[in-house]
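Take a look at the structure set out below.
The values are calculated or read from the model by the stated rules, or taken from the named source; none is laboratory data. Keep in mind it's a predicted model, so treat the numbers as computed, not measured. Please note: Cβ atoms are built from the backbone with ideal geometry, for glycine as well, and neighbour counts cover all protein chains shown. Heads up: the accessible areas ignore ligands, DNA and RNA and are worked out on the full protein's heavy atoms, side chains in. Shrake-Rupley method; radii C 1.70, N 1.55, O 1.52, S 1.80 Å.
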Amino acid sequence: MESSSVFGVRLSLKQRYFLLLCIAVGAIIFYQFTRNHPETRRMSRLEGLRANSSQFTLERKPFCILGGSIHYFRVPRAYWEDRLLKMKACGLNTLTTYVPWNLHEPERGVFNFEDHLDLEAYLRLAGSFGLWVILRPGPYICAEWDLGGLPSWLLRDQNMKLRTTYPGFTNAVNSFFNQLIKKVVPHQYSKGGPIIAVQVENEYGSYAQDKEYMPFIKEALLSRGITELLLTSDNKAGLKLGGVKGVLQTINFQKLNPDDIKYLDEIQPQKPKMVMEYWSGWFDLWGDLHHVYAAEDMIPVVTEILKLDMSINLFMFHGGTNFGFMNGAFALGMPGPKPMVTSYDYDAPLSEAGDYTTKYHLLRNLFSHYHTQPLPELPSLQERRAYHPVVIQQHLSLWDSLHFTDKPLKSERPVNMENLPVNNKNGQSYGYTLYETTITSGGVINSNNNVRDRALVFVDKHFVGVMDYKIQELALPDGKGRRTLSLLVENCGRVNYGKTLDEQRKGLVGDIELNKRLLRDFIIHSLDMKPGFVNRLETAGHWASMRQRPTFPGFFQARLYVNSFPKDTFIKLPGWIKGVIFINGKNLGRYWSIGPQQTLYVPGPWLHRGDNQVIVFEEQETDGKIQFASSPDYGMAVDVQ
C-alpha cells in the first residue's frame, strides 16, 4: 500500500509538469496568434460602424476613419503584405478597395477569384494587420480602369445601356453579385471580419441616367446579406443626383472648398462627414506630362480635413500598376479619348514600387497625433537592381504569329472586337485585331472615324501609315493587281468615366472606304495576346535570328539572366517606339515613346533565378536591346491644376 501511494504522488507530479508545459505552450501559441491577428483581442463585436450623429461610432465609441486606397488587382500578390504593413505604419486604420468585375468575370458565367484575384485572402490579410475595410464592389468602379471595371462582353448587346436598369445590364449584375457578395458576407464586421462599410456603386451622380438604378444596386447588396453601413461617393456636383435613401453620402475632392463641406452638411445634417476620395495625386495620359501634387500643398488640406472632425480616405495611398491592357481612357470630347499610361503611381504617398515618399513621412507624422500608441516601425524597403542590358536574340513577324491565334473570321463587313465569335462567344476584350481585305488600286482610304482606337495600315505587309481619331484619311500607293490591305487595330483602353460608356466598342466599328467605295470581304484575326498565345509563341520554331533583318510589327525575344535572389527593376526601351512587354508570360503593360512614362515596373517576384524570358511586341522600330534601371522615369512633371 505504501509503495503504491508513492507511485501515485509521482504520477501527479508528472501530470502537473505536463499541465504546466501545456499551459506554457498554449500561452505562446495564443500570444503568436493574437500578435498576428490583433482584431481577435481588439473587442467583442456588438455594434459596427454607425452614422447616427455628427461623428462615426464603432462599438458606440467615436471613430475617425483614416483610410487609404490600395487596389489588390494593381499590386502583385507577393507584395500585398508589404503594402498593407506600410499602410499600417503610416497610421491609417482603414483600407479601401474596388472590385474589378471585368477581371473576376472575364467571360459571361466564368468567374475567377484565385491567385492575384483572391479577394477573400486580401480581406483576411487586412484583418490580420488590424486594418478595417471599406469595400467598393461597384459594379462600376471608374478607377482609371478599362470601361470603369465593366466587362466588355456586355457591349455585345447593341442596345446595351450600362449603369441603368436595362434588363441586359441588371441580369448581368445580379449574376455577378450572386458570386461576389457571398464571398464578401463572411468578412463583415458583424461576423468577425474587417469590413465596416460597403459603397453603393460609384460616383453615380456624375452619370445619373436612371432614377431606379441606385435603389436597385442598394437592394442587390442588402438582399444578398450585406449588413454593414452603406455609403455613396460623389464630387460636389454629383451629390445632388448620386444619393439613395438611407445611405450616407460622402464627397470627393483635392482642393478644400468650405462651401462644399457646408453643402454636404446641409443635405445631410447631423451626420458624420467623410472625404471618400481625397486625391493624393492624379493619373497620366499618353502624350501628356506627368502629374504631381506637391506634399506642401497636400498636407495642409489633410490637416484641415481632420481639424473639421471629418473622416478621410486617401485616393490613392498606393497606386500600383495597370498591368496588361487594363488601363482606361479619358474622354476629352473631340477628336477622341486619350488612353491612360501603364503606371498608376498617381504621385501617391507610397510609390508604384512601394517606396516611401515625402508625402508618406509627413502623413505618418500627422496621423501619429491621432493614435494613443506609437505607430509600428517602418517596414524595410524592397531592394532594386538595374540589371545589365540584354540583347534581342530572335524575332518573329506579326504575320508569322497568326497561326498561333484563334481561327480567323471571314466577314463581308468589319466586325468590332466585342462581337467577334472568340473566347466562347464572349468576343475579344483587349489587345489588337487584324482586319485584312483585298484591294485592286491605290487612292485614299477614309476611316469615317470607325477606327477605335488606332490602326497601323499596311499594303502587302508594307507599312503606309497610322489612322486614329485625328488622322482619318490616308493615301495608299498605286499598284497592279490584287493586293492585301491590312489594318492592325489596337484597343488603347476604354473610357472609364463620363457619358460615353455605351460607345466603347473597339476595333473597326463601322465601314471603311477606299475612293469613296465601301471595303468588303474581310478576314479578321483576334490578337488578344493572352498568356496561352504568349506561351505558344515561346515554343514556336519559327523565330529568326537577329542576323536577319526584322520586319514590323513583330515579336522580339531575349533572356534576362538573374544570378541571385530576383529584385524589382524597371525596363526602359529608348530605341523602341510602341508596344507591349511580357516577362515569363506576364503582361507588364504598354510602352510608348511619346511618354510621359519612359520605364515599366518589373516586380521581383515575377522573375526567378536563372533565365527569364522577355518577349516584346514592337510596332515600328527597335535598337535590338532592352535596358534596365533601378528607379522609374515618369517623364516631365507638371503640377495638378
Residues of the range 214-267 that turn out to be open to solvent by less than 20 Å² (accessible area, probe 1.4 Å) and assigned to a helix (DSSP H, G or I), as a count: 8
State whether one or more residues within the range 277-284 are touching a helix residue (DSSP H, G or I) at 6+ places or on another chain (Cβ under 6 Å) and at pLDDT 95 or above. no
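Condition check ((1) open to solvent by less than 10 Å² (accessible area, probe 1.4 Å); (2) within 27 Å of the chain's Cα centre (by Cα)) across all residues:
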position	(1), (2)
GLY532	no, yes
PRO550	no, no
ALA558	yes, no
LYS567	no, yes
PHE570	yes, yes
ILE581	yes, yes
TYR591	no, yes
GLY595	yes, yes
TYR601	yes, yes
Of all residues in the range 425-473, how many are under 17 Å from PRO408 (Cβ atoms), under 27 Å from the mean Cα position of the chain (by Cα) and open to solvent by 30 Å² or more (accessible area, probe 1.4 Å)? 1
Taking the range 617-639 and the residues there that are open to solvent by less than 40 Å² (accessible area, probe 1.4 Å) and assigned to a loop (DSSP other than H, G, I, E, B), the one that is farthest from LYS572 (Cα to Cα) would be GLU619
Within the range 1-112, helices (runs of 4 or more DSSP H) holding 2 or more residues that are crowded, with 18+ Cβ neighbours inside 10 Å, among the basic types (Lys, Arg) and at pLDDT 75 or above: 80-89
Search the range 465-485 for residues that are part of a loop (DSSP other than H, G, I, E, B) and modelled with pLDDT of 95 or more and pair each with any residue that is open to solvent by less than 30 Å² (accessible area, probe 1.4 Å) and hydrophobic (A, V, I, L, M, F, W, C) when their beta-carbon atoms are under 7 Å apart and the residues are at least 6 apart or on different chains. ASP468/VAL451; PRO477/VAL459
Please pick out the residue among PRO335, PRO349 that is within 22 Å of TYR469 (Cβ to Cβ), more than 15 Å from the chain's Cα centre (by Cα) and not assigned by the TED database to the domain that holds LEU600. PRO335
Inside the range 268-286, can you point out the residues that are open to solvent by 60 Å² or more (accessible area, probe 1.4 Å) and either in a helix (DSSP H, G or I) or under 18 Å from LEU241 (Cα atoms) (or both)? PRO269
Looking at this structure, is LEU366 open to solvent by 10 Å² or more (accessible area, probe 1.4 Å) and either over 19 Å from GLN254 (Cβ atoms) or of a type in the set (A, V, I, L, M, F, W, C) (or both)? yes
All-but-one check, TRP153 against (1) farther than 30 Å from SER311 by Cβ; (2) of a type in the set (A, V, I, L, M, F, W, C); (3) in a loop (DSSP other than H, G, I, E, B), failing number (3)
Return the pair list, or none, for Cβ contacts closer than 9 Å from residues in the range 194-217 that are closer than 9 Å to THR232 by Cα and modelled with pLDDT of 95 or more to residues that are in a helix (DSSP H, G or I) and of a type in the set (Lys, Arg), at least 6 apart or on different chains. VAL200/LYS218; GLU201/LYS218
Which numbered condition ARG124 fails, given (1) touching a residue at least 24 places away in the same chain (Cβ under 8 Å); (2) within 22 Å of ASN174 (Cβ to Cβ); (3) out of contact with any Gly (no Cβ under 6 Å at 6 or more places or on another chain): (2)
Of the residues ASP511, ASP521, which is more than 30 Å from the chain's Cα centre (by Cα), open to solvent by 80 Å² or more (accessible area, probe 1.4 Å) and more than 18 Å from LEU398 (Cα to Cα)? ASP521
